[in-house]
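Step one of this worksheet: look at the structure below.
Please treat every number below as a calculation from the coordinates, not as lab data. Quick caveat, the model's predicted, so the values are computed rather than measured. When we count neighbours, we look across all protein chains shown, and the Cβ atoms used for this are built from the backbone with ideal geometry, even at glycine.
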Amino acid sequence: MALRSTPPVVSKDSSQQTRESALLDKAREFEAVYLNQLMQTMFNGLETGGTFGSGPGADAWKSMMVNEYATSMAANGGIGLADSITRQLLDFQEI
């Protein structure tokens, strides 16, 4: 019976994982803000009416809806901006 040595599995310590997770969360928040700005411009070009009608509160509801769309998109992968930002920040920090 031959004994073989296997290299140890290198795992990141919990503080490093926590930092990376925090960076990704902030990058997703940034992506959500960016998407919100893009989508607000897009939705401003639409005629009033539709889902929220054209009353005095329609713009507020539309703004909240667009914000939720952007947040949901960013949380589910978005346009890849959060991942790129996270990778770049990790490279800058040499983690």
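The residue that is surrounded by the most Cβ atoms within 10 Å (Cβ to Cβ), among those in the range 57-95 that are more than 8 Å from the chain's Cα centre (by Cα), touching a residue at least 12 places away in the same chain (Cβ under 8 Å) and assigned to a loop (DSSP other than H, G, I, E, B), is I79.
Pairs please, first residue from the range 16-40 and over 12 Å from T86 (Cα atoms), second anywhere and exposed (fewer than 13 other Cβ atoms within 10 Å of the Cβ), Cβ atoms under 7 Å, 6+ apart in sequence or on different chains. As it stands, the answer is Q16/I95, since those pairs meet every condition given.
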